[in-house]
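Step one of this worksheet: look at the structure below.
A short reminder: the numbers here are calculations on the coordinates, not readings from a lab. Source: prediction; values computed, not measured. Cβ sites come from the backbone with ideal geometry, for glycine too, and all protein chains shown count toward neighbours.
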Amino acid sequence: MKSSPINALQVECGDAPLFLRRQYLSDRFLFKVIQSPYHPLISKLHILSDFISSNKYWYHKDYPCLFNSFVSYLRLPCPVFQYQKFPLFDISFKALIFQPQVLLDLGIEKKCHSANSQLNRYIAKHWSDWLIIYTDASKLSDQGCVGSAVWIPKYNVILNFKCPPQASVFSGESIAILPF
C-alpha cells in the first residue's frame, strides 16, 4: 500500500514543518524564562554561548533550538521587560484573598414607582461615604458595536466608550470598570 508523504499531509492540514514548530515552542519558552532575570537557565545559556562559539564540534552541526532562540533574543534592538519579583508577589496577600460582598437583591422591585428613591435611601444608609459609580454596557445586534458607559453622579462625569463588534458585553463592562 502506498501512502502520501508526511510533508504533503502537513501542507494539507496547514501544519508548519516540524523544525519551525520546534523553534516556535523554543522561542515561547525562552521569552517566558527571560522575564525573570534570576532564572538559572539564563546563566547556563551564556556559558553555552561561549562554549559553542569556541568548540569545533559545532562548525558543521545545527545549533539547538533553545540556543537559536537565545541568539535571537540577544540581537533584539529593544530590551525585554524583566520583573524583579514575580508579579504575583508584588500584590499584598490581603488583596489576593479579598472576597467582596456581592448583593444580588436589595429588596427593591424594578417596576415600583419609588424604586429610585428607595435605592438612594439604601445607598445613603449603607454606603454614605463611598463614591458611587454606575457602569453599563450593551450590544444591540451581533454585528453592532458594544457601547460602554460610566456615570459618576457626585462629579457629574459621564464617560462613553465604543468597542468593536467583535467585543462581548462582558468586555464592554470590563472596559467600563477598568479606569477605576
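Taking the Cα centre as origin and putting +1 on Lys and Arg beta-carbons and -1 on Asp and Glu beta-carbons, what dipole magnitude results for the range 6-88, to the nearest 20 debye?
Using Cβ point charges on Lys, Arg, Asp and Glu, the range 6-88 gives about 260 debye.
Over its Cα atoms, what ratio of radius of gyration to 2.2 N^0.38 Å does the range 100-177 give?
Against the compact-globule rule of thumb, the ratio is 1.30.
Which of the following values of P(r) over Cα pairs in 10 Å bins from 0, in percent was calculated from the structure shown: [x] 10, 39, 38, 13, 0; [y] 7, 16, 18, 19, 15, 13, 8, 3, 0; [z] 9, 36, 33, 17, 5, 0, 0?
Correct label is [y].
Excluding Asn116 itself, calculate the net charge of residues whose Cβ lies under 14 Å from the Cβ of Asn116, where each Lys or Arg counts +1 and each Asp or Glu counts -1.
Here the count lands on +2.
Leu106 to Ser72: extension gain in nm, 0.36 nm per residue of separation minus the Cα-Cα distance?
Gain on extension, Leu106 to Ser72, equals 6.4 nm.
Helix 40-54: angle to the longest alpha-carbon principal axis of the chain, degrees 0 to 90, nearest 10?
With rounding to tens, the tilt is 30 degrees.
Under the rule of -39500 (n - 2.57) per DSSP H run of 4 or more residues, summed and divided by the residues of the chain, what mean residue ellipticity at 222 nm is obtained, to the nearest 500 deg cm²/dmol?
That comes out to -12500 deg cm²/dmol.
Mind checking the dipole of the chain: about its Cα centre, +1 per Lys or Arg Cβ, -1 per Asp or Glu Cβ, Debye to the nearest 20?
Roughly 280 debye, rounded to the nearest 20.
Can you classify the range 6-88 as rounded, prolate or oblate using the Cα gyration tensor, where a ≥ b ≥ c are the square roots of its eigenvalues, rounded means a/c under 1.5, and otherwise it's prolate if a/b beats b/c and oblate if not?
oblate
Roughly how tilted is helix 65-74, in degrees to the nearest 10 and between 0 and 90, from the longest Cα axis of the chain?
Once rounded, the angle reads 70 degrees.
Can you work out the FRET efficiency for the pair Ser36 and Leu119, with r the C-beta to C-beta distance and R0 = 45 Å, to the nearest 0.05?
0.40
From the residues Gln118, Tyr38, Pro100, which one has its Cα farthest along the dipole of the range 29-119 in the positive direction, the dipole being from +1 and -1 charges on Cβ of Lys/Arg and Asp/Glu about the Cα centre?
Towards the positive end, the residue furthest out is Tyr38.
Excluding Leu106 itself, calculate the net charge of residues whose Cβ lies under 15 Å from the Cβ of Leu106, where each Lys or Arg counts +1 and each Asp or Glu counts -1.
Around Leu106, the charge tally is +2.
List, in order, the whole-Hz ³J(HN,Hα) value for each residue of the range 81-90 obtained from phi through the Karplus relation with A = 6.51, B = -1.76, C = 1.60 and θ = phi - 60°; use x for Gly and Pro.
5, 10, 7, 6, 10, 4, x, 4, 7, 7
Summing Lys, Arg as +1 and Asp, Glu as -1, what charge do residues with Cβ under 12 Å from the Cβ of Arg28 carry, Arg28 excluded?
Taking every Cβ under 12 Å from that of Arg28, the sum is +2.
Pop the C-beta distance of Ala149 and Leu25 into the FRET formula with R0 = 41 Å and round what comes out to the nearest 0.05.
Approximately 0.45, to the nearest 0.05.
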